[in-house]
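Okay, structure first, notes after.
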Amino acid sequence: MKTLTITRPDDWHLHVRNGAVLKTVLPHTARQFARAIIMPNLKPPVTTVAQALAYRDEILQAVPAGMDFTPLMTLYLTGSTTVEEIKRAAQSKYVHAVKLYPAGATTNSDSGVADIDSIYPLLAAMEKHDLPLLVHGEVTDETCDIFDRERIFIESHLSAIHNNFPALRIVVEHLTTAEAVQFVQSAEATIAATITPQHLLFNRNALLAGGLRPHHYCLPILKREHHRLALVAAATSGNPKFFLGTDSAPHQTSLKENACGCAGCFSAHAALELYAEAFDRADALDKLEGFASFYGADFYRLPRNTGMVTLEKSTWQVPETYGDNGVAITPLKAGETLSWKLV
Ligand code: NCD
Ligand code: ZN
């Protein structure tokens, strides 16, 4: 049987929620990944170091006995975040980054930043204290087509941020377009990016394949095939600016299969296997370890993991749903067959 053994990976963009959903989803991540950057878009959002530490404790309590998993916490930037809080975050050994959500751009982003120019003093503080900025790079202008929102954000905000704060480390989260790939490639080494499994595996047709497919709806939305091909090329290029971030974003099935379905794909159940599928199709399995296990740690200036994981090429069927006691979450590729399995 064909197998692939790589250094244990990390997930550099993950939503685990809290309460009962946290208990359902976290074991899936802990089974595969040593660490994950935890997104702060809870209700209410995680805006202070004190809240991040409390959330970290809740996550640690959900790690199954015998599993070794480290959550890396982030703060949610708002119009009222203070320079003092940024300094506290930089000094905390548990907070690793600050997340910028343009207000209204995605799930639980209402408290995000409405006027990006107004947060420049905070970005200056992050640059000074060397605290990375994580960006949901989409404009929220109602008149801007949803498929153009990432490209326009880069043109109208991200380039300016990078030019004004050249030493600020920035992760452009969940890239979806060829233009974003191009921006990251040609920017300074302070700019890197995460890429999700769904954006490597699907183009926008997957939203409308024989009918509306709510489980393929995430933000930024899936794009055209030529964008997907650019993402696959970037992820499999061996360029350390591109690394693994699943953006696994669980929502109850009832909130996805809904007249106003939530944005987010739950992929944690098979994250590494889904990436292996994408890399295998591109005949680039030799590039998976750098993408999944090295480049993110290097960018965040954390040590690389030392343990190993093994994938084998054998088929298995993804369950229709995960969870119990009132939690039911439909995973990405529910009911479908995957060709790689973590052993
Ligand atoms: C994420 C979520 O549900 O929290 N949804 C998504 O579609 N990716 C938020 C985000 O990362 O945009
Ligand atoms: Zn996300």
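FRET efficiency for V343 and Q182, Cβ-Cβ distance as r, R0 = 30 Å, nearest 0.05?
That pair, V343 with Q182, gives E of 0.20.
What whole number of Å gives the distance from the Cα centroid of the range 260-302 to the Cα centroid of the range 81-147?
24
Can you send over the carbon and sulfur percentage of the accessible area for the chain, probe radius 1.4 Å, protein chains only?
Values: 6860 of 13450 Å².
The computed percentage sits at 51.
Can you list the residues, at least 5 places off or on another chain, whose amide H is less than 5 Å from the amide H of L219, using H built in the peptide plane?
The list, which skips near neighbours in sequence, is G264.
Provide the FRET efficiency to the nearest 0.05 for the D130-A54 pair, computing r from the beta carbons and using R0 = 22 Å.
Computed FRET efficiency for D130 and A54 comes out at 0.35.
Averaged per residue, what accessible area in Å² does the range 3-342 show with a 1.4 Å probe, protein chains only?
That works out to 38 Å² per residue.
Please give, to one decimal in nm, the separation of the simple spin-label points placed at D298 and E225, each 7 Å out from Cα toward the Cβ.
Going by the 7 Å Cα→Cβ label model, 3.3 nm.
Evaluate E = 1/(1 + (r/R0)^6) for K313 and A20, where r is the Cβ-Cβ distance and R0 equals 35 Å; express this FRET efficiency to the nearest 0.05.
0.50
Could you work out which residue, out of A89, A230, A50, moves most in a Gaussian network model of the chain, that is, has the largest mean-square fluctuation with Cα springs under 10 Å?
The residue with the greatest mean-square fluctuation here is A50.
First select every other residue whose beta carbon is under 12 angstrom from the beta carbon of A189; then total the charges, Lys and Arg +1, Asp and Glu -1. Can you show the working numbers first?
Details: positive: R169, K241; negative: E188, D298.
Once all neighbours under 12 Å are counted, the net charge is 0.
So what does E58 come to for accessible area, using a 1.4 Å probe and Å² rounded to 10?
Accessible area of E58: about 70 Å².
Each residue of the range 45-62 in order: what ³J(HN,Hα) in whole Hz does its phi give by Karplus 6.51 cos²θ - 1.76 cosθ + 1.60, θ = phi - 60°, with x for Gly and Pro?
x, 8, 10, 10, 4, 4, 5, 5, 5, 5, 5, 4, 4, 4, 5, 4, 5, 8
May I ask you to rank D286, D280 by accessible area, largest first, using a 1.4 Å probe over the protein chains only? Kindly include the intermediate steps, with their values, before the conclusion.
On the way: D286 120, D280 30 Å².
Listed by decreasing accessible area, they come as D286, D280.
So, taking all protein chains as they sit and a 1.4 Å probe, how much accessible area belongs to D115, in Å² rounded to tens?
About 80 Å², ignoring ligands and nucleic acids.
The values are calculated or read from the model by the stated rules, or taken from the named source; none is laboratory data. The structure displayed is predicted, hence computed values, not measured ones. Quick reminder, even Gly has a Cβ in these numbers, built from the backbone with ideal geometry, and neighbours come from all protein chains shown. In case anyone asks, the SASA skips ligands and DNA or RNA and just uses the protein heavy atoms, side chains included. Shrake-Rupley method; radii C 1.70, N 1.55, O 1.52, S 1.80 Å.
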